[in-house]
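Notes follow the structure.
The values are calculated or read from the model by the stated rules, or taken from the named source; none is laboratory data. What you are looking at is a predicted structure, and each value in this text was computed from that prediction instead of being measured. All Cβ positions, even for glycine, are placed from backbone atoms using ideal geometry, and neighbour counts span all protein chains on display. For the accessible areas, the whole protein counts, side chains as well, though only heavy atoms, and no ligand, DNA or RNA atoms are used. Shrake-Rupley method; radii C 1.70, N 1.55, O 1.52, S 1.80 Å.
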Amino acid sequence: MQDLTGRTAFVTGAASGIGLGIATALSQAGVKVMLCDIEEEALATAVEKLKLTNADVDGVRADVSLKAELQAAADATVARYGRVHILVNNAGVGGGRGYGHWTDAGWNWVLGVNLMSVIWGIEIFGPLIEAHGEGGQIVSTASVSGLIAGPNPGYDVSKYGVVALSEGLRNVLAPRKIGVSVLCPGIIRTQIMNSRRNVPQRFAGKIGSPLPTEGPLAEFIKAFQERINNGIDPLYVGELVREAIENDWPYIFTDTEHEPFIEQRFAAIKQGFDRIRGRTPRR
């Protein structure tokens, strides 16, 4: 896949943020891109802006937490471009609440978008990539929170799942000429903190109380939002993803800020083994 010219990509969550950065970077490399997003107006704007650069792009609206809508988007992509070579499972939400504030709807929403859409995306698009025999790549957006758990359990669980799925499928799909990469971005300039704008109607009013506007948690959220406002350019992330596709990187990181925390986690895991080293398990 080192020459991406003329290939076709399907990108979810493509109307803004990392998804738009990836769609832009791929189109700049001569890739035909089908942008998919739940926000119809933002999607139309993104497609029109990319078309001004003479990019061969199109858009399809879908709520990727619904398998039928994701299948319909795949059908639209095949109808428009014929073959698909690159799948980018990027759609994600940062919703849900911490311990003591969980709801079933909150878990279903976050897991549906962040994890199940990735599973379904691979299930639907994997055979399409295999069918033409030209090879391809699957890139799924996790997070550094897929390697080091933070304060948002639903988000962390979903992103750990994306990492595990990607790692497990890499060797399985390699003989089928499909590379698998997992993107673990750090603090990127996106709308992740405003995910509730896209809560589907079936979950409206059911995902838990709004985030507090006063107190320690509110101050933490405000400070984190400021970090995001000054975060890494999504197009830079897109360019990294393009390079990763060209070179079949298993892991894609955006910076080294969280590397020490990941090393601490691995050290703690190693310490767990050291505690029982030399013991003979009873059979």
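Things worth noting here:
- Filter on K67/K206; K51/K159; K159/K206 - keep pairs with C-alpha separation over 25 Å: K51/K159
- Placing dummy labels 7 Å off each Cα toward the beta-carbon, the span from I276 to E167 is 1.8 nm.
- From the coordinates shown, Rg/Rh (Cα atoms, Kirkwood Rh) corresponds to which of [x] 1.06; [y] 0.99; [z] 0.95: [y]
- Spin-label zone in segment 81-100 - amide nitrogen under 17 Å from a point set 7 Å from the Cα of I221 along the C-beta vector: 93-100
- Rel. contact order, % - alpha carbon contacts under 8 angstrom, at least six apart, the chain: 21 percent
- Highest-first packing order for the peptide set 212-224, 82-94 is 82-94, 212-224, based on the mean count of other beta carbon atoms within 10 Å.
- Within the accessible area of segment 179-231 (1.4 Å probe), percent carbon and sulfur: 56 percent
- Packing, taken as the mean count of other beta carbons within 10 Å per residue, orders the peptides 60-68, 272-280, 107-115 from highest to lowest as 107-115, 60-68, 272-280.
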